[in-house]
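What follows is a single structure, written as structure tokens, with notes after it.
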Amino acid sequence: MIKTTASEMSLALAKGEITSVALTQQHLDRIADVDKKVKAFLHVDTDSALAQAAAVDADRAAGKALGPLAGVPLALKDVLAQEGVPTTAGSKILQGWKPPYDSTVVAKLKSAGVVILGKTNMDEFAMGSSTENSGYGPTFNPWDLTRTPGGSSGGSAAAVSAFQAPIAIGSDTGGSIRQPAALTGIVGVRPTYGAVSRYGLIAYSSSLDQAGPFGRTVLDTAMLHEIIAGYDPKDATSLKVPVPAVVAAAKSGDVKGLKIGVIKQLQGKGYQAGVLARFYESLEILSSLGAEIVEVDCPSFEYALAAYYLIAPSECSSNLARFDAMRYGLRTGEADGASAESVMNSTREAGFGREVKRRIILGTYALSSGYYDAYYGSAQKIRTLIIEDYKKAFMQADVLVSPTSPITAFKIGEKSEDPIAMYLADVATIPVNLAGICGMSLPAGLADEDNLPVGFQIMAPAMQDQRLYNVGAALEAALVSKWGGHLISKAPALGGAK
Amino acid sequence: MSSLSRDEVAKLAALARIEMSEEELVNLASQFGSILDAVARVQELNLDGVKATSHPQPLENIFREDVVLPSLTPDQALSGAPAQEDQRFRVPQILGEAE
């Protein structure tokens, strides 16, 4: 039953129509069938997944109270530490590292009985928009294997869209959940900053990073969101507030009387015609469902990309200093009498890929005395202006919307030699991260010119994540009824499918 | 047009503790101009009087009681170490020659 949804799997498990062991095995078989082509996984944890599944089946047989996703398999982005399981963040510098502890997200998944199938591929340290920057080779888009699945959580998105897992965890620093969700025709949510603990999430840019859920439906995504969110004393930036009622919102889907703001700056030039066509069509649907569509002006968004590519590299140049070849990870250049400094230099040269080096150098430059105010300082002020633009916009509308990505999935290699072209992939997703608010991407259909998935982005104020799910559910229901099924059912079979 | 020379990139790489091949230095220097032009857009606006935001939330120091809590054992903490000795991380020489 791999082609159903997590909520249907959950129901079948509860009714005893299938065991978690059988369901997990079906997904492991699917991975064995198609992952040679998709390359979504860096590590498949077969034995442990089957053992977790057997434990859930035993608990169920014993009549224990189980969570809604107990026994349902999941794919985990390799940026999250899982005790005893190889965790690389897509980097050669962490090849073979097995964390001695669980990240909070993993601990929550385990206590909810979710079965972790394995670790998924990603751009190295989450730096990228195509998963081509992985130290272990790219992931391929299940819709067209010559194209990227987006990134940086491309492995997780591809696994869900190729039916290798019904749900997955990603992380989103500048769009790394929403953009791959858009490019692979699934749902992805970046929760409000601080809503999901960052304890055990390998840091890229600490003021922007946030883990979040992927699913094939809005409801599945909400169910996973509810499991991983919540206050954690181990993360000093974790929010001490109740988790928004996202599952209830996903079951409601009522936009009557809601005001939906279209951001003037996130459309038009640079956006593919088929992306815009699906976006405007979705707006018409929301309007026909009783929402009021208004246009909002966010002039500082034009500078969001520039601010992001100063703030994130600056933070990463500091965060990645921990990879020093001393306590864990790779160590090279240890010739007789080699100093610690030369070992560090040699290890970081061998262990980091091109894009990571590029960003560390850019961040080092932006933070150096003499340039600090002009670059990092100005970027921080732009960040304030973006927060203010959002505040004004949210006074005029309950949620804001835009296309998730200006383009559909691009070819492998198409942008890998041009950093600026690659950075533009995140132009519509980055403002959410800079403001610390929440955003969702859900499928809006296929672009006419290339038959590839288009994502519709919804944004809501901090800790109003339930608004994403409410609006997302309303739009999804209308689109599914129009299409006669979920968009993902139109995805190619990849051979070997049963 | 911004630019960064090969030597400036080499200096930054040394500060960031990344040994770079000549080819990498030259490549990075050639790409840096367009990257700096793109990010320099943050200087186009008049930002006088605008406060800087370093973080999306108002952060405060968080304290807890000073009591011993469970933590990693020495073996767990050392489990990923490239080299260890007597329950400690063994690192390459960090000071100059003693003699």
Check your understanding: Label points 7 Å out from Cα along the Cβ direction at A:Ser369 and A:Arg327: separation in nm?
Key -> 2.8
Review point. Amide H to amide H under 5 Å from A:Leu42: which residues, 5+ apart in sequence or cross-chain, H placed 1.01 Å off N in plane?
Key: A:Lys119, A:Thr120, A:Asn121
**Study point:** Candidate lysines for bridging to A:Lys256, where Cα separation is under 18 Å - those fewer than 8 sequence places away on the same chain excluded
**Key:** none
Point to revise | In nm, spacing of pseudo-spin labels at B:Val68 and A:Lys392 (7 Å Cα→C-beta vector) | key: 5.8
**Study point:** Residue (of A:Ile437, B:Ser3, B:Ile18) at the positive-pole extreme of the protein assembly as shown, dipole from beta-carbon charges
**Key:** A:Ile437
Review point. Rounded to the nearest 20 Debye, what is the dipole magnitude of the protein assembly as shown about its Cα centre when Lys and Arg each give +1 and Asp and Glu each give -1 at the C-beta?
Key: 1300
Review point. Which value in deg cm²/dmol, rounded to the nearest 500, describes the helix-derived mean residue ellipticity at 222 nm for the protein assembly as shown, given -39,500 (n - 2.57) per DSSP H run of n ≥ 4 and division by the residue count?
Key: -11500 deg cm²/dmol
Review point. Can you list the lysines whose alpha carbon sits under 26 Å from that of A:Lys269, skipping same-chain ones fewer than 8 residues off?
Key: A:Lys259, A:Lys381, A:Lys391, A:Lys392, A:Lys411, A:Lys415
Point to revise | Shielding by partners, peptide B:74-82 (average Cβ within 10 angstrom, other chains) | key: 5
Exercise for review: Would you list which lysines come within 25 Å of A:Lys64, measuring only between C-alpha atoms, while excluding same-chain residues fewer than 8 positions from it?
Suggested key: A:Lys15, A:Lys108, A:Lys110
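Give me a single rounded figure for A:300-311: the average over its residues of other chain Cβ atoms within 10 Å of their Cβ.
The per-residue average across the peptide is 4.
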Check your understanding: Out of the DSSP beta bridges found with both residues in the protein assembly as shown, what percent are antiparallel (nearest 5)?
Key -> 65
Practice item. Using Cα centres only, tell me the gap between the stretch A:425-472 and the stretch A:219-278 in whole Å. Key: 7
Exercise for review: Starting from the Cα-Cα distance between A:Ala22 and A:Gln95, subtract it from 0.36 nm times their residue separation and give me the gain in nm to one decimal.
Suggested key: 23.1 nm
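Here, each number is a calculation from the coordinates, and none is a lab measurement. Please read these numbers as outputs of a predicted model, since none were measured by experiment. Positions of Cβ are generated from backbone atoms using ideal geometry, with glycine treated the same way; all protein chains shown enter the neighbour counts.
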